[in-house]
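Remarks on the structure that follows.
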Amino acid sequence: MTDKQKSWQNRLENAPDELSMNFVESLSYDKRLYKYDIQGSIAHCEMLEQQGLISSSEREQIVKGLLEIQAEIEAGSFEFDVSQEDIHMAVEAALIEKTGDSGRKLHTGRSRNDQIATDMRLWMRDEINRLLEKLCCLQMAFAELAEKYTEDVMPSYTHLQRAQPIVIAAYLLSFVEQFERDKGRLQDLSARVNISPLGSGAAAGSTLPIDRNLTAEKLGFAGITQNSIDAVSDRDFCAEFTFACSMIMTHLSKLAEDFIIFSSTEFSFVKISDTYCTSSSMMPQKRNPDMLELIRGKTGNVFGSLSALMMMLKAQPSTYNRDLQEEKIHIFNAADYANNCLEMAAAIVSNTQFRTDKIASGIDEGFLDATSLAEYLVKKGVPFRQAHGIVGTAVALCEKRGLKLSELELEDFRNLSEAVEEDVYESLTAANVARAYTSPGAAGKTQSEQRIKYWKEKLNTFSSVKGEE
């Protein structure tokens, strides 16, 4: 076999033609794994030396050669040859060219099957940390924006109809909670990712005296997989990762939808920095929230990756099959979109202002204080269902007269319920309602201030810990 031949080529009579080579290659996208492939190979090489499967001088040659290849790739001088199919064979071919027989011994006791499974886990560990950092930055942007609006009231919406008054800070903090769940999913996944499949071979392990625990330790894994058949075909962590990215994008898309609506002329609740808007090629008056629209649009690409990956996995017989080569396209796609959109969202949030004067001018439209009035009646001993009906009648009366609830005369309230007293007006108007919330987690000023303090302390601690790592 010449060094230009593939490692498996002696088995077949005919070499692959150009069509086959281009069809089967994954080097065009898995070359981004080079650092992890080399990292895994160095650990494997050092283990081979310790087990007496290669000599000390061979180990030195291999490690030196691998580090040179990494430097060449990072300098942009490495020539990727598509005929090598993937990053594993590209690195190995270059290593053999540098070291001869020493490089030919590197693949002892391993397969490309356990090699790629290891590379993917190493890559994903780092990618999870990148996403966690960007989620934290976005959460902090929300907390800092919320800190500016603990006194200001806005409507909340259900069914896109006005519901109850809330402080703007509480609305902003709702996204901090969502992205915290996204962080939790990634942190849960990181434990399942951090297990080494290296040494599982093609499917059944090896008859050579390899030390899997040693390579796992060198690579910073918490342990090793316990079944070689499962280890080389397991892509559960890829599906989980892509789902986690999909949920991140779901929350980003929800944010984008809200801000797009709130920035429209019909609402005019928020002003997004011109840096993150565009105008029209025809209509000179336009301020289009294109960055937010793109976040909303890119979400579908990540959903598509999750769907494609699940379709691929549901049809896999045991153990490794070449279909799995395609999984990298989808997890890279999901990661890239999530990273880019998180970064953009943090920039937008950090440069958004709420038009509090505009919001305040219409805050008492839509009977936002209706629920508070019903709860006022409950405090006076009226059963809630009865109170609900009384307030519904009051709202209908206001609509006929063109009034707000706070504009009804006391006599009007007394005609509806004898339980009403002069203090009823303390429970009316959006501002009074927002100040009156008492339940933990409610959308009031006091609760929001408490949560802002909590989140800023927690997020600063998280950032410090990640920075030390």
How far apart, in nm, are the 7 Å Cα→Cβ label points at E411 and A315?
7.8 nm
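Per Stokes-Einstein, at 37 °C and 0.692 mPa s, what whole-number D in µm² s⁻¹ belongs to the stretch 243-366, with the Kirkwood radius over Cα pairs as the hydrodynamic radius?
197 µm²/s
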FRET efficiency, 1/(1 + (r/R0)^6) with R0 25 Å, evaluated for E426 and T446 via beta carbons:
0.90
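If you wrap a convex hull around the C-alpha atoms of the stretch 308-387 and split its volume per residue, what is the figure in Å³?
Values: hull volume 19.5 nm³, N = 80.
In the stretch 308-387, the Cα convex hull volume per residue is 244 Å³.
For each pair in K148/K380; K35/K105; K98/K218, compute the distance between the two Cα atoms and list the pairs where it is over 27 Å. Numbers along the way, then the final one.
Values: K148/K380 36 Å; K35/K105 20 Å; K98/K218 25 Å.
Violating the 27 Å limit, Cα to Cα: K148/K380.
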Going down the table (K286/K445; K31/K64; K183/K254; K134/K254; K134/K286; K254/K404), which pairs top 29 Å between alpha carbons?
K286/K445; K134/K286; K254/K404
Log10 I(q)/I(0) at q = 0.12, 0.16, 0.21, 0.24 Å⁻¹ for the stretch 231-306, from Debye over equal alpha-carbon scatterers, is -0.45, -0.66, -0.91, -1.05
Excluding same-chain residues fewer than 8 positions from K453, which aspartates and glutamates have a Cα within less than 16 Å of its Cα?
E144, E147, E151, E177, E180
Compute the helix-to-body angle for 34-50: its Cα long axis versus the longest principal axis of the chain, expressed 0 to 90° and rounded to tens.
50 degrees
In square nanometres and to one decimal, what's the mean projected area of the convex hull around the Cα atoms of the stretch 365-469?
8.4 nm²
How far is helix 236-262 tilted, in degrees, relative to the longest principal axis of the Cα atoms in the chain, given as a value from 0 to 90 rounded to the nearest 10?
30 degrees
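Using the crude model of +1 on Lys and Arg Cβ and -1 on Asp and Glu Cβ, and no other charge, please compute the dipole size for the stretch 274-379 relative to its Cα centre, in debye to 20.
Working: 10 positive and 13 negative charges, 50 e Å.
Magnitude of the dipole: close to 240 debye.
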Sort largest first and round to whole Å: the equivalent ellipsoid semi-axes of the stretch 134-180, each the square root of five times a Cα gyration tensor eigenvalue.
21, 13, 6
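Find out how many positive minus negative residues lie around L309, taking Lys and Arg as positive, Asp and Glu as negative, among other residues whose Cβ is under 14 Å from that of L309. Each step should come with its number before you reach the end.
Working: positive: R235, K314, K328; negative: D234, D236, E240, D323, E326, E327.
With Lys, Arg at +1 and Asp, Glu at -1, the net is -3.
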What do you get for Rg/Rh of the stretch 76-136 when both radii come from the Cα atoms and Rh is the Kirkwood radius?
1.11
For the chain, with only Lys/Arg (+1) and Asp/Glu (-1) charged at the beta-carbon, what is the dipole magnitude about the Cα centre, in debye rounded to 20?
460 debye
Rg (one decimal) and Dmax (whole number) from the Cα set of the stretch 284-326, in Å, equal 17.9, 60
Which whole-number percent is the relative contact order of the stretch 250-308 (Cα, under 8 Å, 6+ apart)?
35 percent
Can you list the HN-Hα couplings for the stretch 102-115, worked out from phi with the Karplus curve (6.51, -1.76, 1.60; θ = phi - 60°), rounded to whole Hz and with x for Gly and Pro?
4, x, 5, 8, 4, 7, 4, x, 8, 10, 4, 5, 7, 5
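Would the stretch 397-438 count as rounded, prolate or oblate if I go by the C-alpha gyration tensor, calling it rounded below 1.5 in a/c and otherwise prolate when a/b exceeds b/c, oblate otherwise?
Taking the square roots of the gyration eigenvalues as a ≥ b ≥ c, the stretch 397-438 is oblate.
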Between Q51 and D17, what is the spin-label point distance in nm, taking each point 7 Å from the Cα along the Cα→C-beta axis?
4.1 nm
Just to confirm the number: angle between the C-alpha axis of helix 168-193 and the first principal axis of the chain, 0 to 90 degrees, nearest 10?
20 degrees
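If contacts are Cα pairs under 8 angstrom and at least 6 residues apart, what is the relative contact order of the stretch 360-469 in percent? Each step should come with its number before you reach the end.
On the way: 83 pairs, mean separation 27.1, N = 110.
Relative contact order here is 25 percent.
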When the Cα atoms of the stretch 54-192 are enclosed in a convex hull and the volume is divided per residue, what value in Å³ results?
196 Å³
If each part is reduced to its alpha-carbon centroid, the stretch 268-306 and the stretch 110-143 end up apart, in Å, by 27 Å
One quarter of the convex hull surface, Cα atoms only: what value does that give for the chain in nm²?
30.2 nm²
Near the amide H of S156, under 5 Å away, which other amide H atoms are found, from residues 5 or more places off or on another chain, if H is placed in the peptide plane?
A163, Q164, I166
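Would you mind getting me the FRET efficiency between T207 and S464? Use the beta-carbon distance for r and R0 = 60 Å, nearest 0.05.
Working: r = 48 Å, r/R0 = 0.80.
Efficiency, rounded to the nearest 0.05: 0.80.
Per-residue ellipticity at 222 nm for the chain, helices alone: DSSP H runs ≥ 4 residues times -39500 (n - 2.57), over residue total, nearest 500 deg cm²/dmol? Present the calculation step by step, with values, prior to reporting the outcome.
On the way: 19 runs with 286 residues, N = 469.
Estimated from H runs of four or more residues: -20000 deg cm²/dmol.
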Counting alpha carbon pairs within less than 8 Å and at least 6 residues apart, what relative contact order, in whole percent, applies to the chain?
17 percent
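All of the numbers you see were taken from the coordinates with simple rules; none came from a lab. Predicted model, so just to flag it, every value in this text is computed and none were measured. A quick note on method: Cβ atoms are made from the backbone with ideal geometry, for glycine too, and the neighbour counts reach across all protein chains shown.
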